[in-house]
1. Could you list, in sequence order, the residues of region 151-175 that are open to solvent by 10 Å² or more (accessible area, probe 1.4 Å) and farther than 23 Å from Q114 by Cα?
2. Is it the case that region 137-152 has a residue that's at pLDDT 95 or above, hydrophobic (A, V, I, L, M, F, W, C) and assigned to a loop (DSSP other than H, G, I, E, B)?
3. Looking only at region 238-245, decide whether some residue is closer than 30 Å to R4 by Cα, away from ligand 2 (no atom under 16 Å from the Cβ), in a loop (DSSP other than H, G, I, E, B) and open to solvent by 10 Å² or more (accessible area, probe 1.4 Å).
4. Collect the residues in region 166-181 that are touching a residue at least 60 places away in the same chain (Cβ under 8 Å) and either farther than 16 Å from A240 by Cα or touching a Pro at 6+ places or on another chain (Cβ under 6 Å) (or both), keeping them in residue-number order.
5. What about P42, is it more than 16 Å from ligand 2 (Cβ to nearest atom) and at pLDDT below 95?
6. What's the number of the only condition in (1) in a strand (DSSP E or B); (2) in contact (Cβ under 8 Å) with a residue 60 or more places away in the chain; (3) more than 16 Å from ligand 2 (Cβ to nearest atom); (4) not charged (D, E, K, R) that I9 fails to meet?
7. Tally the residues that are without any contact (Cβ under 8 Å) to a residue 60 or more places away in the chain and within 19 Å of C18 (Cβ to Cβ), restricting the search to region 207-253.
8. Are any residues in region 586-630 open to solvent by 70 Å² or more (accessible area, probe 1.4 Å) and of a type in the set (A, V, I, L, M), and if so, which ones?
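The values are calculated or read from the model by the stated rules, or taken from the named source; none is laboratory data. Everything numeric here is computed off the predicted structure, so don't read it as measured data. Backbone-built Cβ (ideal geometry, glycine too); neighbour counts: all protein chains shown. For accessibility, only protein heavy atoms count, side chains too; no ligands or nucleic acids. Shrake-Rupley method; radii C 1.70, N 1.55, O 1.52, S 1.80 Å.
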Amino acid sequence: MVQRYVMSIDQGTTSTRCILFDARGRLVSVAQREHQQHFPRPGWVEHDATEIWRNVGRIVPQALADAGVEPAQVVGLGIANQRETTVLWDRHSGNPVGRAIVWQDTRTDAMLEQLAREPGADRVRRLCGLPLATYFSAPRVRWMLERTPGLRERAERGDVLFGTVESWLIWNLTGGPEGGVHVTDVTNASRTMLMNLRTLSWDDELLDFFDVPRAMLPEIRPSTEVYGTTSRVVPGIRIAAALGDQQAALFGQTCFAPGEAKCTYGTGSFLLLNTGPTPVLSAHGMLTTVGFKIGDEPAVYALEGSIAVTGSLVQWFRDGLELIGSAPEIETLARTVEDNGGCYIVPAFSGLFAPHWHSEARGVIAGLTSYITKGHLARAVLEATGWQTREVVDAMNADSGLALSTLKVDGGMTADNLLMQFVADVLDVPVVRPMVAETVSLGAAYAAGLSVGYWPDLEGLRRNWHRAGQWLPTMDPARRDSEYSHWRQAVELTFGWMRPGPAAAPPGSDLVEVVLADHRRIEQLFRDLRNDEADRPALIAELSASLVAHATATERIIRPDETGNGLAGELLAVLDSGADFEKALVSLENSVDAHIRAEERGLLNELRRTLSTSDRTGLGRAFVAERQRQLDLDCGSAAHVREQGARLRLS
Ligand SMILES: Nc1ncnc2c1ncn2[C@@H]1O[C@H](COP(=O)(O)OP(=O)(O)O)[C@@H](O)[C@H]1O
Ligand SMILES: O=P(O)(O)OC[C@H](O)CO
């Protein structure tokens, strides 16, 4: 009998892989090619979409030839791809418009700051599940349309097309200018900021907000479906699935049920938790995203903690600092010392992603003394990945109300035993790795195989999952806590670097002045609310957001152990605004007033006395950044206040 295989293409940030799998999910052949990373300016990261397409043209025939497999033996192709990376191309020539702008690129930072102040900004996250951040595609499309003369008109006519990389590849594989199919799958579409998470279609309000013409967008389709048949590279293969690479890894790790999670350690690292058929909005900096959608079945959603820089920090250590010759050498070098020697590296190269979402942050090496050697730096590089995972897991646990009990891992960095042990240690849970480390490719193959009936159901796929490695926590809890608190201190140093004190910090970044300005604004809001002609709902929304953002920033930046008066109950009574609204408002105002007076007499005088000017400036920036982060998270909504409950304190 003729053997049949499934093919996957994993188009990643650094390379593209084509893998053939057999019916038991075993790897039959692999072909891979790296593509060039372009860094034309600080914070800018670009790829040449034509180079990526050319690489696909080489690795697909090579994977077939290496395995001695004919195209007719391939039942289907599944594509997984780096997400959010934005390609614009001419429908008639097939040529890309400039280079693709990569997910790590921060050039849209200033534009986003501007957009955050525009009407409708507060609705974006509820519609698409994502915060306004440089990470996603829509701001990049707008950036390109604004900066290339005549491009908007061509896009409006449908002469210029937009796609993330899977769209670009599917369009090319199915004929390009000669009848190429212009589609995307729901998981990739959920990373653009243009798709409504609930309807799974392009959303007019979001298109308006980002000023992106509908004519340039691909059609949104399920993750498993035959989109078309290849007519180029190797003709005659059905393209049967597409998924963003992190969703593909979720699928490859067989996290099919709610509550199942995985973390993929590559260029960046991405923790995804399956939350089932309803989107869950995060109150702790996680993204809400589509996990997968099998044919006509309802979509399965996920919460995601995205970390921008993990493996790429190792690459920087290798290529930028030239302290090692290859990535695995980082482990050898790190083992030359006992510990980090007091040194921490926070790699905010693209700002900080989850759970912080500080686009303006930039990296730091903290705790340097003359004792530090390159061995300590190597440890700090690996530990940065561990601590960033810990921050994301803490946030995920807080969102889901459950404590993660094991972490399934995959990706290139899981080859590093020292790192995997450190991750188990700082999370205090076992870390397990499956037999097939190429989980992204496997997930894409699983989806394609399901789509064409090569595999009958999810249960069969589950049986293919076998554990190959496990790391159990051994770290002393007291050490874990003290190291974590040093890490968090180092993280705070990165905040506000590119934007010292956003506009909301008059008259400077001094912590005391920032807090006082907040108090005056809050008092003014109460006064405005007494005016009969005021726009009450808008003022209440601003008051609630200001109070919660201020209270949370106070707790996180100034007084972590504070036990003060609960704010949530009184605030909720105002937000619910029933018949007793006036009474509730007076009661809230009295409490807030008492807090303000006490704080200005006590805490603020103490801060003036005890902190140096530079400490006050540093903390002031951190306070403003944390407050902004809370505002971006829609912290004043009744749902958030209810969820925070007793944790929300005023003094
Ligand atoms: N032994 C190792 N220790 C630490 N990092 C490693 C090791 N091997 C590879 N890496 C890192 O893992 C990344 C590659 O993983 P991979 O899963 O192929 O990434 P991607 O899919 O994002 O291209 C690189 O950034 C590399 O620096
Ligand atoms: O290509 P990777 O593995 O670095 O993954 C990139 C992510 O999809 C970015 O969101």
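1. Let us first name the residues in region 151-175 that are open to solvent by 10 Å² or more (accessible area, probe 1.4 Å), namely 152-154, 156-157, 159, 174.
Those that are open to solvent by 10 Å² or more (accessible area, probe 1.4 Å) and farther than 23 Å from Q114 by Cα: E153, R154, E156, R157, D159, T174.
2. Checked region 137-152: no residue is at pLDDT 95 or above, hydrophobic (A, V, I, L, M, F, W, C) and assigned to a loop (DSSP other than H, G, I, E, B).
3. Within region 238-245, none of the residues are closer than 30 Å to R4 by Cα, away from ligand 2 (no atom under 16 Å from the Cβ), in a loop (DSSP other than H, G, I, E, B) and open to solvent by 10 Å² or more (accessible area, probe 1.4 Å).
4. Selection gives S167, G176, P177.
5. Values: more than 16 Å from ligand 2 (Cβ to nearest atom): yes; at pLDDT below 95: yes.
Judged against the criteria, P42 is a match.
6. That leaves (3) as the condition not met.
7. Number of matching residues: 4.
8. Within region 586-630, V586 is the sole residue that qualifies.
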